[in-house]
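What follows is calculated from the coordinates using simple rules that are stated; it is not laboratory data. Keep in mind the model is a prediction, meaning the values are calculated, not measured. Every residue, glycine among them, receives a Cβ derived from its backbone with ideal geometry; neighbour counts consider all protein chains shown.
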Ligand code: C2E
Ligand code: MG
Ligand code: MG
Ligand code: MG
């Protein structure tokens, strides 16, 4: 309640904060019910070999549609799940469904899966992943875990142990959204990554800005030296893909090649792409 008009702004701000907090709690409660009911679904976005355009794997992306709220973006519900302690069960649900679906795909295709920062300080994470793979019969050598730099900062020693446990059974580890978070090149010395994913921010400006071009070329040279695979994220235009091939970037992901789709549509996509030869782009 505003006592004097001069303080009105403060009251409004508080009210807004209250509303935001209520909204978060509402989403949290609905999400808890959805996870308990098994109502969060994995969608899959193709990752391609940039030169041949052949699909080499899929990234798992969680999707949730609430009856009242409608579709809620993972950019909204993942941070809430982390903050309110729901990320563990949510993640296990999505990984179980994802590996059940991916089990039926051609065995040369990998599946990648995102881990949240809080999961990298939880020593149960490794065991939980392994027990899901055991139950669904999904070969760990076909699984990739995507983690961000933020996830490595809180407790690097704990993250290191989890990463080592996963790599020991053949799970590959990629560094996601590279170039955005609290980037530290030192991290690349401490941790062994199998793959690096260049953040969409660099890819979207590759054609119209010299710094992005130089940064991408430097990342590619560094990855070659360190023996890491590279995937450029967020490719939306042919010209971006062409440029990345010229620079020697091996992998790509983005709306140009395919949007995230549910398990059924992904099977359809795989049947279609098996039926026609891959498109080979002539470069140079
Ligand atoms: P991410 O792991 O970096 O995933 C890539 C995001 O970029 C996805 O957003 C994808 O839909 C979007 N994307 C892909 N290609 C393009 C493109 O060409 N243009 C544009 N504009 N966007 C593109 P999405 O699905 O909204 O997910 C957002 C973030 O939420 C993910 O970023 C990831 O950090 C997190 N996330 C999603 N699913 C999970 C999950 O199961 N577990 C955890 N821990 N995090 C998840
Ligand atoms: Mg990712
Ligand atoms: Mg990413
Ligand atoms: Mg991202």
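Would you mind putting 69-75, 192-198 in packing order, based on average other-beta-carbon counts within 10 Å, highest first? Each step should come with its number before you reach the end.
Working: 69-75: 11.7, 192-198: 21.6.
Listed from highest to lowest mean packing, they are 192-198, 69-75.
Pairing the Cα long axis of helix 210-226 with the longest principal axis of the chain, what angle in degrees results, from 0 to 90 and rounded to the nearest 10?
Here the helix axis deviates by roughly 70 degrees.
Could you give the length gained by full extension between residue 32 and residue 130, i.e. 0.36 nm per residue of separation minus their alpha carbon distance, to one decimal place?
Numbers: separation 98, 0.36 × 98 = 35.28 nm, distance 2.36 nm.
The span from residue 32 to residue 130 would gain 32.9 nm if fully extended.
Where does helix 87-102 land angle-wise versus the long Cα axis of the chain, in degrees 0 to 90, nearest 10?
Result, in degrees: 30.
Under the rule of -39500 (n - 2.57) per DSSP H run of 4 or more residues, summed and divided by the residues of the chain, what mean residue ellipticity at 222 nm is obtained, to the nearest 500 deg cm²/dmol?
Calculated at 222 nm, the ellipticity per residue is -14500 deg cm²/dmol.
For the chain, find the longest principal axis of its Cα atoms and tell me its angle to the long axis of helix 156-168, 0 to 90°, nearest 10.
Computed tilt is about 40 degrees.
Grab the Cα-Cα distance for residue 217 and residue 190, subtract it from 0.36 nm times how many residues apart they are, and report the gain in nm with one decimal. Let's see the in-between values first.
Numbers: separation 27, 0.36 × 27 = 9.72 nm, distance 2.26 nm.
Value of the extension gain: 7.5 nm.
Can you give me the relative contact order of the chain as a percent, contacts being Cα pairs under 8 Å and 6 or more apart? Please report the intermediate quantities before stating the final value.
Details: 423 pairs, mean separation 54.6, N = 284.
So the answer I get is 19 percent.
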